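Read through the structure below, which is laid out as structure tokens, and then see the notes.
The values are calculated or read from the model by the stated rules, or taken from the named source; none is laboratory data. All values reported here derive from a predicted model rather than from experimental measurement. Here the Cβ positions follow ideal geometry from the backbone for every residue, glycine too, while neighbour counts run over all protein chains shown.
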Amino acid sequence: MFILIKKKKAQVWSLDAVAGIIIFTAAMAVLFFYAINYNNQSEINIGDLSYQGNLAAELILSEEDGILTDNKINQTKLDEFYYSDYNAKKRGFGIKDDFYFVLPELEINGSDADYVGKVNSSAVDNLIQVTRFTIYKNKPVQFDIFIWR
């Protein structure tokens, strides 16, 4: 009888070990696939934001719908852009995420301004900065646009 009990304990222990290995393997597989997909999603978000940032910079720094005249920032166009409907401008440019841009010594209607667009008021996970160079107030300046999701 002692031998039968010992065999039952060994059989139960081996069954527990097999079940544990199966659960551990399944958990590792799920974790592995999650890590791969999470990384790919992150790359897609960064790529999409980068594309939108470059598109927004290109459109804002254009002469047709943007703020340039003769390859320089036109103060009148800049003032109009600042006071235009932000959501309408965003839709018109085909941009789905929020953005704002900054310039050194930025002025709107003769008053100092920090930015043009919609500034992010809370912490964000995905933020892209795109930099261009242009002419503002007859000086070469850095134009930085920030786009986030």
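Listed values, structure above:
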| quantity | calculated |
| --- | --- |
| Residue satisfying condition, being modelled with pLDDT of 90 or more, within 20 Å of residue 144 (Cα to Cα), in contact with a helix residue (DSSP H, G or I) (Cβ under 6 Å, 6 or more places away or on another chain) and part of a helix (DSSP H, G or I), within set 55, 59 | 59 |
| Hits in the stretch 115-149 - residues which are farther than 18 Å from residue 57 by Cα and under 16 Å from the mean Cα position of the chain (by Cα) | 121, 122, 123, 124, 125 |
| Positions within the stretch 56-91 being of a type in the set (A, V, I, L, M, F, W, C) and touching a Gly at 6+ places or on another chain (Cβ under 7 Å), in sequence order | 59, 60 |
| Condition check for residue 136: modelled with pLDDT of 95 or more, of a type in the set (Ser, Thr, Tyr) and surrounded by 12 or more Cβ atoms within 10 Å (Cβ to Cβ) | yes |
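Here is a yes/no grid of residues against (1) surrounded by 12 or more Cβ atoms within 10 Å (Cβ to Cβ); (2) modelled with pLDDT under 90; (3) in contact with a Lys or Arg (Cβ under 9 Å, 6 or more places away or on another chain):
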residue: 100; (1), (2), (3): yes, no, yes
residue: 106; (1), (2), (3): yes, no, no
residue: 109; (1), (2), (3): no, no, no
residue: 112; (1), (2), (3): no, no, no
residue: 115; (1), (2), (3): yes, no, no
residue: 126; (1), (2), (3): yes, yes, yes
